[in-house]
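Visitor: I have a structure here, written as structure tokens, and I will follow up with some questions on it.
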Amino acid sequence: MIMRDVIAKLTALVKDEFIVCANGFISRDTFNANDRPRNFYMLGSMGQASSIGLGLALAKPSEKIIVFDGDGNLLMNLGILTMIAHLKPKNLLHVVFDNECYDSTGGQPTISSTVDLAETAKGCGISNVYRIKPGDEISGIFKNCLNQDGPVLLLIKVGRDPLGKVPRVNIPPEEIARRFKDA
């Protein structure tokens, strides 16, 4: 299953939770599947969605915070797993879409085919780690992750988008920030 389809399934299950999206196709796919003020779209800064999500989870402990991240983004900021494990925000769900490449910049391979990001998260001290492989039932696992205390990391193996043509987020960064803050 390609990431766009998985994101559409997941965003259909989200209610009032905040979603912080990594840059590139993750932001684009989320925007096109279910744009709403509680979505923060990263337009640029690769690897920073997880840091923003962690900060938001700490600032808003009564709100559920979901981070939509990619394997390439997480690998750019791998140290965030140690901070998440150390600070243990109960309201954080970190979803990592792993297609083993930097899809938004042309499909250059990442090292996630040989570095197990789920095991890396466990090694950093995150005890609630789940995987979804192609063919697994996604909705039930995601709902389970949403309803448990975190931090939770959910690694979802996805295929590359054969089309690669997803409309860009057409909201200016200032407006994304303003409406997210207002939400």
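The values are calculated or read from the model by the stated rules, or taken from the named source; none is laboratory data. The model shown is predicted, which means the values in this text are computed figures rather than measured ones. All Cβ positions, glycine included, derive from the backbone under ideal geometry; neighbour counts span all protein chains shown. Surface areas here come from the heavy atoms of the whole protein model, side chains and all, with no ligands, DNA or RNA. Shrake-Rupley method; radii C 1.70, N 1.55, O 1.52, S 1.80 Å.
Visitor: Could we say that residue 45 is modelled with pLDDT of 95 or more, within 23 Å of residue 182 (Cα to Cα) and polar (S, T, N, Q) here? Steps first, please.
Guide: Numbers: modelled with pLDDT of 95 or more: no; within 23 Å of residue 182 (Cα to Cα): yes; polar (S, T, N, Q): yes.
So residue 45 does not fit the description; no.
Visitor: Among the residues of the range 41-50, are any within 14 Å of the chain's Cα centre (by Cα), in a helix (DSSP H, G or I) and at negative phi?
Guide: The answer is yes, given that some residue of the range 41-50 is within 14 Å of the chain's Cα centre (by Cα), in a helix (DSSP H, G or I) and at negative phi.
Visitor: Can you name the condition, by its number, that residue 33 falls short on among (1) in contact with a Lys or Arg (Cβ under 9 Å, 6 or more places away or on another chain); (2) open to solvent by 50 Å² or more (accessible area, probe 1.4 Å); (3) aliphatic (A, V, I, L, M)?
Guide: Just one mismatch for residue 33, condition (2).
Visitor: Within the range 93-124, can you find the residues that are at positive phi and either buried (at least 18 other Cβ atoms within 10 Å of the Cβ) or touching a helix residue (DSSP H, G or I) at 6+ places or on another chain (Cβ under 6 Å) (or both)?
Guide: 100
Visitor: Mind listing whichever residues of the range 143-169 are in contact (Cβ under 8 Å) with a residue 24 or more places away in the chain, part of a loop (DSSP other than H, G, I, E, B), open to solvent by 20 Å² or more (accessible area, probe 1.4 Å) and more than 24 Å from residue 54 (Cα to Cα)?
Guide: 160, 161, 162, 164, 167, 168
Visitor: Of 2, 19, which residue is modelled with pLDDT under 95, in contact with a Lys or Arg (Cβ under 8 Å, 6 or more places away or on another chain) and under 22 Å from residue 99 (Cα atoms)? Can you show your working first?
Guide: Numbers: 19 fails: modelled with pLDDT under 95.
When all the criteria are applied, what remains is 2.
Visitor: Oh, and also: Just a yes or no: is a residue in the range 91-114 assigned to a helix (DSSP H, G or I) and in contact with a Phe, Trp or Tyr (Cβ under 6 Å, 6 or more places away or on another chain)?
Guide: Applying the first criterion (assigned to a helix (DSSP H, G or I)) to the range 91-114 yields 103-105.
From the residues that got through so far, the ones that are in contact with a Phe, Trp or Tyr (Cβ under 6 Å, 6 or more places away or on another chain) too are 103-104.
Yes, there is a match, as at least one residue in the range 91-114 is assigned to a helix (DSSP H, G or I) and in contact with a Phe, Trp or Tyr (Cβ under 6 Å, 6 or more places away or on another chain).
Visitor: May I pose another question? Which of the residues belonging to the range 51-71 are part of a helix (DSSP H, G or I), more than 15 Å from residue 121 (Cα to Cα) and open to solvent by less than 10 Å² (accessible area, probe 1.4 Å)?
Guide: 53, 57, listed by residue number.
Visitor: Now for a different question. Could you list, ordered by first residue, the pairs with Cβ atoms under 9 Å in which the first is in the range 128-142 and exposed (fewer than 13 other Cβ atoms within 10 Å of the Cβ) and the second is not hydrophobic (A, V, I, L, M, F, W, C), at least 6 apart or interchain?
Guide: Sorted first by the residue in the range 128-142, then by its partner, the pairs are 133/157; 134/157; 134/159; 139/9.
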